[in-house]
Structure formats: C-alpha cells, structure tokens
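**Q** Structure provided below as structure tokens; questions to follow.
The values are calculated or read from the model by the stated rules, or taken from the named source; none is laboratory data. Just so we're clear, the structure is a prediction, and the values are computed from it rather than from any experiment. Don't worry about glycine lacking a Cβ; one is built from the backbone with ideal geometry, like all the others, and counts go over all protein chains shown.
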Amino acid sequence: MMSKFLFVIITASAFFIYHTTSHAHEIELGGITIKHPMIPIFGSKMKTAVGYFTIVNKTNEADELITIKTNFANAMIHKSKIDDNGLATMEHIEKVLIPSNSSVVFEQESLHIMFTALKEPLEEYMDKKVTLVFKKLGNIEVEFQVEKASSMKMNNHKDH
Ligand SMILES: [Cu+2]
C-alpha cells in the first residue's frame with residue numbers, strides 16, 4: 001500500500017517537470033480557454049492514447065463538456081483513480097461540469113480523453129484535431145499537440 005502511494009507521487013512530479021519544459025499553446029472562445037492540449041506518445045506501437053489539457057471558464061456561468069469528436073480515433077472522457085487495493089482503474093465519464101470562474105484540469109491520474117482504435121500511428125509534431133463539445137458554448141476545435149513523453153510514465157493505460 002505504501003509503495004503504491006509513493007509511486008503515484010513520483011509519477012505526478014515527473015509529469016510536472018515534463019509539463020513546465022514543453023511550450024504551451026491555448027485557444028479561447030466565448031470566455032472558455034483550452035490550455036496546452038497535448039497527447040503524449042510512448043513509442044510507435046501505441047493503439048490507444050490519452051489527451052490532456054486545462055479548461056478555464058472565465059464566465060459567470062457553468063458549462064459542461066459533453067462530447068469529444070475526432071476523425072483519427074474513437075474518443076471518450078475517462079477518469080483514472082486508485083482503488084482501495086492500490087490498483088489504477090478508470091471509468092467512462094458522460095460529462096464534466098466546468099464551474100463558473102474556475103478551471104478543470106485533465107491530467108495524469110485524473111480526467112483524460114481516451115483515444116482508442118487509432119486509425120494511424122501518432123507522430124511527434126503531427127497535431128491532431130479534436131472537437132470539444134460544450135452544452136452551452138457549443139463546439140471548440142482544438143489542435144492537440146503530439147509530444148514525445150520521455151519523462152512521463154504510461155502507468156495506467158497499458159491494458160487498453
Ligand atoms: Cu482511460
């Protein structure tokens with residue numbers, strides 16, 4: 001139990017180091033900002049991938065992320081968690097509430113977009129178009145930056 005806990009802390013700090021060294025980009029629409037949308041790649045044999053980003057809602061109204069659309073894979077919202085036995089699991093999330101004047105982070109060990117059935121291998125610098133569909137705002141088309149992830153650990157997506 002203790003060793004699992006330490007492992008989580010180590011991978012979280014590895015992500016932080018990685019994140020601060022990569023260049024950020026963002027897109028804004030109607031008071032909603034999507035910051036640093038990225039897909040880490042772990043070699044060329046990936047059949048699935050994850051998408052990370054931050055949603056900042058600067059408006060005085062809550063919104064909901066309800067659908068993810070893309071042409072290069074099947075996409076859905078997942079949430080990772082560590083169960084009572086210290087095992088990493090994930091569940092499919094139908095929608096994510098984005099409260100007013102706050103932000104929601106999609107990151108390792110937490111919320112992420114799960115891409116499955118990739119139509120072709122992901123390649124570094126070949127950005128991927130993803131449409132985030134919000135209940136009130138509608139669609140935001142976002143270019144997800146595909147980045148090599150040498151310092152990140154793919155610890156909880158080995159099985160799918
Ligand atoms: Cu997942």
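**Q** Checking N85 against (1) farther than 30 Å from E123 by Cα; (2) assigned to a strand (DSSP E or B), which single condition isn't satisfied?
**A** (2)
**Q** Let me ask something additional. Would you confirm, using the coordinates I've provided, whether I82 is closer than 18 Å to E26 by Cα and either out of contact with any Gly (no Cβ under 6 Å at 6 or more places or on another chain) or within 16 Å of the ligand (Cβ to nearest atom) (or both)?
**A** It is false that I82 is closer than 18 Å to E26 by Cα and either out of contact with any Gly (no Cβ under 6 Å at 6 or more places or on another chain) or within 16 Å of the ligand (Cβ to nearest atom) (or both).
**Q** Does the stretch 25-49 hold any residues that are more than 16 Å from the ligand (Cβ to nearest atom), among the polar types (S, T, N, Q) and either more than 18 Å from V96 (Cα to Cα) or without any contact (Cβ under 8 Å) to a residue 12 or more places away in the chain (or both), and which are they?
**A** S44
**Q** Looking at this structure, is M126 modelled with pLDDT under 90, farther than 17 Å from N74 by Cα and either in a strand (DSSP E or B) or of a type in the set (A, V, I, L, M, F, W, C) (or both)?
**A** Working: modelled with pLDDT under 90: no; farther than 17 Å from N74 by Cα: yes; either in a strand (DSSP E or B) or of a type in the set (A, V, I, L, M, F, W, C) (or both): yes.
Here the answer is no, as M126 does not meet what is asked.
**Q** Shifting gears a bit: Under 7 Å by Cβ, and 6 or more places apart or on different chains, what pairs join a residue from the stretch 50-61 that is of a type in the set (S, T, N, Q) with one that is part of a loop (DSSP other than H, G, I, E, B) and more than 15 Å from the ligand (Cβ to nearest atom)?
**A** Matching pairs, first to second residue: N57/G31; N57/P99; N57/S100; N57/N101; T59/G31; T59/S100; N60/S100; N60/N101.
**Q** Return only the number of the condition from (1) over 14 Å from the mean Cα position of the chain (by Cα); (2) more than 23 Å from V146 (Cα to Cα) that A117 does not satisfy.
**A** (2)
**Q** Moving on to the next point. Being modelled with pLDDT of 95 or more and surrounded by 15 or more Cβ atoms within 10 Å (Cβ to Cβ) is the filter; apply it to the stretch 89-106 and report the residue that is nearest to the ligand (Cβ to nearest atom).
**A** F106
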